[in-house]
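The values are calculated or read from the model by the stated rules, or taken from the named source; none is laboratory data. It should be emphasised that the depicted structure is a prediction, and the values quoted were computed from it without experimental measurement. Because the Cβ atoms are built from the backbone with ideal geometry, glycine has one as well, and the counts that use them run over all protein chains shown. SASA here: full protein model, heavy atoms, side chains in, ligands and nucleic acids out. Shrake-Rupley method; radii C 1.70, N 1.55, O 1.52, S 1.80 Å.
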Amino acid sequence: LLLRPVEPADLPAHRRLWTDPEVRRHLGGPLRAEAVGMRERGCVGLPGLLSVVGRRQQAVLGSVFVEPGARDGRTEVSYQLLPEHWGRGHAREALAAVLARVPAGVPGTEPVAVTQEANARSRRLLEALGAEPAEWFVEWGEPQVLYRLGPRS
């Protein structure tokens, strides 16, 4: 995989990420047209937002967003893949690559990820990467789990 800043040609794939009912199932549902328009205007080159691109097919498979300080001073890592790319190890590869770039032991960079308690696929992925559940809470009307992505070598 290649992880790179979002380019204008990536917008159709990102629009799908924001509007696909399966992708958005545990993210509050598809975004409304006005929210999609706002995201489209602001996502190209947005610091921390990366397109996940398949090297062979040069197609956008999904996205990873790294937001320093987003969760009580911790770096939040979020990710989405288009459904046709699920179950192939792409999310694991993308997250491992991003986590390797987040400095370990630097205040304000402790990486965390949040997922709905009901999102079993995402929880399995985070746990396979060595993440540990650290907090449970309700956000957006649904039970959530915050995972600490912990120290890396």
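Which FRET efficiency, nearest 0.05, do R71 and R25 yield, Cβ-Cβ r, R0 25 Å? Please list the in-between numbers first.
Numbers: r = 22 Å, r/R0 = 0.88.
According to the calculation, E is roughly 0.70.
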| For the chain, which whole percent of the accessible surface, found with a 1.4 angstrom probe, sits on carbon and sulfur atoms? | 54 percent
| note | A convex hull over the alpha carbons of the range 76-149 yields, per residue, a volume in Å³ of 94 Å³
| request: Return the calculated 222 nm mean residue ellipticity for the chain, to the nearest 500 deg cm²/dmol, obtained by summing -39500 (n - 2.57) across DSSP H runs with n ≥ 4 and dividing by the residue count. | output: -8000 deg cm²/dmol
| note | re the range 42-85: pairs of Cα atoms spaced beyond 14 Å account for a percent value of 55 percent
| query | Which log10 I(q)/I(0) values, to two decimals, does the chain give at q = 0.13, 0.21 Å⁻¹ under the Debye formula with one point per Cα? | reply | -0.58, -1.59
| field | E34-A96 FRET efficiency (beta carbon distance; Förster radius 41 Å; 0.05 resolution) | value | 0.70
| note | Taking a probe of 1.4 Å and leaving out DNA, RNA and ligands, the range 22-153 shows per residue an accessible area in Å² of 56 Å²
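Expressed in nm to one decimal, what extension gain is obtained for the pair E117 and V138 from 0.36 nm per residue of sequence separation less their Cα-Cα distance? Could the numbers behind the result be given before it?
Values: separation 21, 0.36 × 21 = 7.56 nm, distance 0.95 nm.
Extra length available between E117 and V138 comes to 6.6 nm.
Over the range 43-121, what lengths in whole Å, largest first, do the semi-axes of the equivalent ellipsoid take, defined as the square roots of 5 times the eigenvalues of the alpha-carbon gyration tensor?
On the way: eigenvalues 101, 47, 26 Å².
Three semi-axes, in Å: 22, 15, 11.
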| task | Please provide three numbers in whole Å: the alpha-carbon extents of the range 10-85 along the principal axes, with the largest listed first. | result | 36, 30, 24
